[in-house]
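See below for the structure under consideration.
Quick note: the coordinates plus some simple rules give every number you see, no bench work behind them. Keep in mind that this is a model prediction, so the values were computed, not measured. Every residue, glycine as well, gets a Cβ built from its backbone with ideal geometry; the counts of neighbours run over all protein chains shown.
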Amino acid sequence: MKSIADSTGAAKSLGWGVRSPDPCGGTWAGRRALQRRGGLSGALPPADLSLLTSLVELDLSFNEPLTSFRVLDLRSNRFLNIPDGFFSAFPALETFAIDDNDMSDPAVLQNDVTACRRLRSFSANNVNMDDIFPNFFGNSLARNQLWGVVRPDFGVNSKIKFLDVGAQNSRYSKLTGILRFITGMNLVELRVDHNNFFGPLPDATHLANLRRVSAATNDLCGIPKFPAGTDVDLGGNPKVGREC
């Protein structure tokens, strides 16, 4: 509580900790979040917040829209789902991570994420997501249950550098399509292993920044054409190495 008071300015504006360092002693004005719309601003220190093991409820209402909120990291918690309308409150969001949340109900990626026009990094690995592939953006969505066709125009003119949609867990349907879409991107790393991608390998020799490609265990064919020095894993594709 002292860290929150210091970082948000409540120590000065509301007198938190001035008369007593004990937030439960009755001298911390509005300590039960009754002091609404206090005009506080600042950054909450993540290291200190992680120590709040008994925290039951965190109410950040009356802050909408958070027009300057750029980074939201929710990794390794116990969140159950991503509610409808969630992303519309963060129009300036650039980085979002919710990895390793074993959601009890399969998560669905809300379409309002398209409101985050500055979004550059979205990571939702291992969250029990069961949904059709979101063709409007992409970053790191490995170890989920995504399915559907990745369109040829996916990622065109995007700023995506690292694309990881490997190891989808569904036994019935996985991601599919032709890998032609990577030729319109400026990738550094590509992971599409253990899916149902098919057809000829694209000529990716013009992708000068490409450093790693993992496309093992699909149904690919053709002669690999990647920049010199690229680490490529195409195992589990018996048709690779000969013309389609």
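A compact table of results
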{"read-out": "Positive minus negative residues near Ser68 (Lys, Arg vs Asp, Glu; Cβ under 12 Å)", "value": "+1"}
{"read-out": "Within-14-Å neighbourhood charge of Val188 [Cβ basis; K, R +1; D, E -1]", "value": "+3"}
{"read-out": "Net charge of Cβ neighbours under 11 Å - reference Lys159; Lys, Arg +1; Asp, Glu -1", "value": "+2"}
{"read-out": "Approximate spin-label separation Val71-Asp84, in nm, with each point projected 7 Å along Cα-to-Cβ", "value": "3.3"}
{"read-out": "For segment 133-244, diffusion coefficient by Stokes-Einstein and Kirkwood Rh (Cα), 25 °C, 0.890 mPa s, µm²/s", "value": "178"}
{"read-out": "Additional length obtainable on full extension of the chain from Thr95 to Ser121, 0.36 nm per residue less Cα span", "value": "8.9 nm"}
{"read-out": "Order of His206, His194 under a 10 Å beta carbon neighbour criterion, fewest first", "value": "His206, His194"}
